[in-house]
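Enquirer: Sharing a structure here in structure tokens format.
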Amino acid sequence: MGLLNTIKSPHDVRRLPIDQLEGLCAEIRSFLIRNVAHTGGHLASNLGTVELTVALHRVFDTRRDRLVFDVGHQCYTHKLLTGRREAFASLRSLGRMSGFPKPRESKHDAFATGHASTAVSAALGMARARTLCGEDYQVLAVVGDGALTGGLAYEGLNDAGQSNEPLIVVLNDNGMSIAKNVGAVAGYLAELRTRPRYFKLKELYHKRLVPLPGGKGLDRFLHRIKTAVKDSLLPGTMFEQMGFYYLGPADGHDIPKTIKLLTLAKTLRRPVLVHLVTQKGRGYQPSEDNPTAFHGVSRFEVVSGRSLTRASRTYSEAFGRALCRLAERDPRVCAVTAAMRDGVGLCAFAERFPERFFDVGIAEAHAVTMAAGLAKQGMRPVCAIYSTFLQRAYDQIVHDVAMQRLPVVFAVDRAGLVGEDGETHHGVFDPSFLSHIPHMAIWAPANFVELDAMLALALSSRGPTAVRYPRGSVNACSGCHTDTAFLHRGDDLTLVAYGVMVAPALEAARRLSSLGIGADLIKLASLRPLDAESVYHSVRRTSKLAVVEDCVTEGSVGQRLSAALASMECPAFRLLLLNLGNNFIPHGAPSELSGLCGLDADGIYGKLANVFFGEKSQAAR
């Protein structure tokens, strides 16, 4: 690792002879493969952007220039070049380096990102702030072609192109959705348009032609002819119509050419889009062969690419199998997802029912409204979206689905704490933002059997329904309870839990029994409507209520239960809400995060014993 060992900051990248940059990129790829094999993380996207990131740091100074990565999971090379090499040994671990850009982590990280299609809007805001403050620095947004399936990206591009702000958008096109192979002639013209002599000649002929008699008309005529010829050969038309100066397409793995394009873009002082074609997973054969599988990976064996994590059945897989069974029985059942076919477990459904499977790209708002249209005309759509991404479609859930009482089923995957991706990916808000929407029903299975049963019930509903379930494979209890169930009995405390939180709550109740403290453990199947009556009868006996849930406090089930009991004139009781508070939870292993938040069995037991039974628990010790 000779060259990489010399890189302590981007300044060291700029000092290297250009003929050594290819060797540096090879060392970076080797470093990333070895380290991600040990820690897990996003691999394919980072392997595809090594040369691009090196070129960015060759041309720009991210101590002042603002570099915004769309989504952000492709920032590993950027972090490696900005003094964080040693931190890779504990990448995405609790309290250590994040797998996404974090301004609090480094001055080189301009903006925190984690969701797609946001970079252009954020970068344009920064560019406008620069102008308003009278400052001078470059602003760049690095956007993948996949992010251009999201509507927010086009809102940003449309505004940025007409802004006249010096802003560079780097389109990282890995061949999935933007441009066709444009051929040798278009490549030649693209190369010609990037030469400084081209711009000097263009300005010279414009200055000489316009003052001549009839020169303005002739200039416009020649411009129209040139534009028509160029548009027939180059894919830049859409961006140019938005107001961008389009450069490319070019090979994003060709470092000298990429540096040349970025340098030119820097001098133009206007909105510029640099189109670079890259290969996702480049330089590691298993990742090149299957970039989807190596998008986000757990620990793996470097030589073969084989995962070192023992595979177990997940809720996503259980959902996919259950939906296939239901679709066989009912031809109206269809599936909608937003660029997450594999992640939400819909591979088998897509193969067996291709005419009823719709992947709309990174466009959650569109997915929800399209599902509303399907439901309005008699289909039974199931919209499978991660909890964190469903936040992006809140308005559509309210206005396009719930207001019309349409039978759309929301399969809310990755509910609760999801682990190493951190704040932007935890699904901790859906119980709050879904529960106050009129006509919305919410189910929370605690095992695979319940997921199957609740999905069937949701599809038989006459209105909108959400079924929320966690990442992973934890079956929190046995049996199938689609109604409220008492899993433990006692007269000293009412303990309420749902979903994955049932398991640690049950363990805490059993530990309390060893102190001679009896707890009613009530497992909720439905989060809306709430079975407040069952809780009411228990609390009347115990005069103590604790609610355990993996979501934020505001709008939580605990708050809603407390309000419901007050409206039922329940006798005075002590209340303890065990949840995530009103905080953003950092990245880390789910077990570590549960412990950090006091939502593991130890934390729940300790809090219950100390708050409600302090003297008794101390005496037992």
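Enquirer: Of the numbered conditions (1) assigned to a loop (DSSP other than H, G, I, E, B); (2) open to solvent by 10 Å² or more (accessible area, probe 1.4 Å); (3) in contact with a helix residue (DSSP H, G or I) (Cβ under 9 Å, 6 or more places away or on another chain); (4) not charged (D, E, K, R), P504 satisfies every one except a single condition; which is it?
Expert: Evaluating P504 over (1) assigned to a loop (DSSP other than H, G, I, E, B); (2) open to solvent by 10 Å² or more (accessible area, probe 1.4 Å); (3) in contact with a helix residue (DSSP H, G or I) (Cβ under 9 Å, 6 or more places away or on another chain); (4) not charged (D, E, K, R) leaves (1) as the failure.
Enquirer: Anything in the stretch 203-253 that is under 25 Å from V169 (Cβ atoms), modelled with pLDDT of 65 or more and in a helix (DSSP H, G or I)? List them, or say none.
Expert: Scanning the stretch 203-253 gives T237, M238, F239, E240, Q241, M242.
Enquirer: Related question: Take residues that are small (G, A, S) and tell me which of the helices (runs of 4 or more DSSP H) falling wholly in the stretch 387-487 contain 2 or more.
Expert: Here the list reads 430-435, 448-459.
Enquirer: Going through the stretch 123-135 one residue at a time, which ones are open to solvent by 20 Å² or more (accessible area, probe 1.4 Å) and of a type outside the set (S, T, Y)?
Expert: G125, M126, R128, A129, L132, C133, G134, E135
Enquirer: Please list, ordered by first then second residue, the pairs with beta carbon atoms under 8 Å, 6 or more apart or interchain, first in the stretch 399-412 and closer than 15 Å to C334 by Cα and in contact (Cβ under 8 Å) with a residue 60 or more places away in the chain, second open to solvent by less than 90 Å² (accessible area, probe 1.4 Å) and assigned to a helix (DSSP H, G or I).
Expert: Note: pairs meeting the criteria are A411/F319; A411/L323; A411/L455.
Enquirer: When you scan the stretch 256-280, how many residues do you find that are in a helix (DSSP H, G or I), closer than 22 Å to T131 by Cα and open to solvent by 60 Å² or more (accessible area, probe 1.4 Å)?
Expert: 3
Enquirer: Could you list, in sequence order, the residues of the stretch 514-529 that are over 24 Å from L455 (Cα atoms), surrounded by 16 or more Cβ atoms within 10 Å (Cβ to Cβ) and either of a type in the set (G, A, S) or under 33 Å from the mean Cα position of the chain (by Cα) (or both)?
Expert: If the condition is that a residue be over 24 Å from L455 (Cα atoms), surrounded by 16 or more Cβ atoms within 10 Å (Cβ to Cβ) and either of a type in the set (G, A, S) or under 33 Å from the mean Cα position of the chain (by Cα) (or both), then A519 is the only one that fits.
Enquirer: For the condition over 30 Å from V120 (Cβ atoms) and not in a loop (DSSP other than H, G, I, E, B), what is the one hit in L24, L4?
Expert: L4
Enquirer: Could you tell me which residue of the stretch 298-323 is nearest to the chain's Cα centre (by Cα), considering only residues that are under 20 Å from H42 (Cβ atoms), open to solvent by 70 Å² or more (accessible area, probe 1.4 Å) and not hydrophobic (A, V, I, L, M, F, W, C)?
Expert: R299
Enquirer: Can you name every one of the helices (runs of 4 or more DSSP H) wholly within the stretch 281-354 that holds 1 or more residues which are modelled with pLDDT of 95 or more?
Expert: 315-329, 347-352
Enquirer: Mind telling me which of the residues G187, G183, G146, G114 ends up being within 14 Å of G72 (Cβ to Cβ), at pLDDT below 90 and open to solvent by less than 60 Å² (accessible area, probe 1.4 Å)?
Expert: Unique residue meeting the criteria: G146.
Enquirer: Then there's this: When you scan the stretch 495-504, do you find a residue that is farther than 23 Å from I442 by Cα and modelled with pLDDT of 95 or more, even just one?
Expert: no
Enquirer: Working only within the stretch 1-41, note down all residues that are among the hydrophobic types (A, V, I, L, M, F, W, C), in contact (Cβ under 8 Å) with a residue 40 or more places away in the chain, surrounded by 13 or more Cβ atoms within 10 Å (Cβ to Cβ) and closer than 26 Å to R63 by Cβ.
Expert: Selection gives L4, I7, V13, L21, C25, I28, F31, L32.
Enquirer: Would you mind listing the helices (runs of 4 or more DSSP H) fully within the stretch 42-107 where at least 2 residues are open to solvent by 10 Å² or more (accessible area, probe 1.4 Å)?
Expert: So the answer is 50-59.
Enquirer: At negative phi, more than 27 Å from the chain's Cα centre (by Cα) and assigned to a helix (DSSP H, G or I): is that true of R29 in this structure?
Expert: Taking the combined requirement at face value, the residue does not satisfy it.
Enquirer: Here's another thing I want to ask about it. Where residues in the stretch 337-379 are of a type in the set (D, E, K, R) and open to solvent by 40 Å² or more (accessible area, probe 1.4 Å), which of them is nearest to V398 (Cα to Cα)?
Expert: Residue satisfying both the conditions and the ranking: K376.
Enquirer: Also, I was wondering about something else. Exactly one of (1) open to solvent by 50 Å² or more (accessible area, probe 1.4 Å); (2) in contact with a Lys or Arg (Cβ under 7 Å, 6 or more places away or on another chain) is unmet by Q138. Its number?
Expert: (1)
Enquirer: Further question on the same structure: I need the full set of residues from the stretch 102-145 which are in contact with a Pro (Cβ under 9 Å, 6 or more places away or on another chain), of a type in the set (S, T, Y) and within 16 Å of P166 (Cβ to Cβ), in order please.
Expert: Scanning the stretch 102-145 gives a single hit, T131.
Enquirer: Right, here's the next one. Can you run down the residue pairs with Cβ atoms below 6 Å, 6 or more apart or on separate chains, where the first is in the stretch 435-464 and on the phi > 0 side of the Ramachandran plot and the partner is open to solvent by 30 Å² or more (accessible area, probe 1.4 Å)?
Expert: H439/R405
Enquirer: For the stretch 535-545, name all the residues that are among the small types (G, A, S) and open to solvent by less than 10 Å² (accessible area, probe 1.4 Å).
Expert: Across the stretch 535-545, the qualifying residue is only S538.
Enquirer: Continuing with this model, one more query. Going by the structure shown, is V382 in a strand (DSSP E or B), touching a residue at least 60 places away in the same chain (Cβ under 8 Å), of a type in the set (A, V, I, L, M) and crowded, with 24+ Cβ neighbours inside 10 Å?
Expert: Spelling it out, V382 is indeed in a strand (DSSP E or B), touching a residue at least 60 places away in the same chain (Cβ under 8 Å), of a type in the set (A, V, I, L, M) and crowded, with 24+ Cβ neighbours inside 10 Å.
The values are calculated or read from the model by the stated rules, or taken from the named source; none is laboratory data. The structure displayed is predicted, hence computed values, not measured ones. Glycine gets a Cβ as well: all are built from the backbone with ideal geometry, and neighbour counts include every protein chain shown. Protein only, heavy atoms only, side chains kept; ligands, DNA and RNA dropped before computing areas. Shrake-Rupley method; radii C 1.70, N 1.55, O 1.52, S 1.80 Å.
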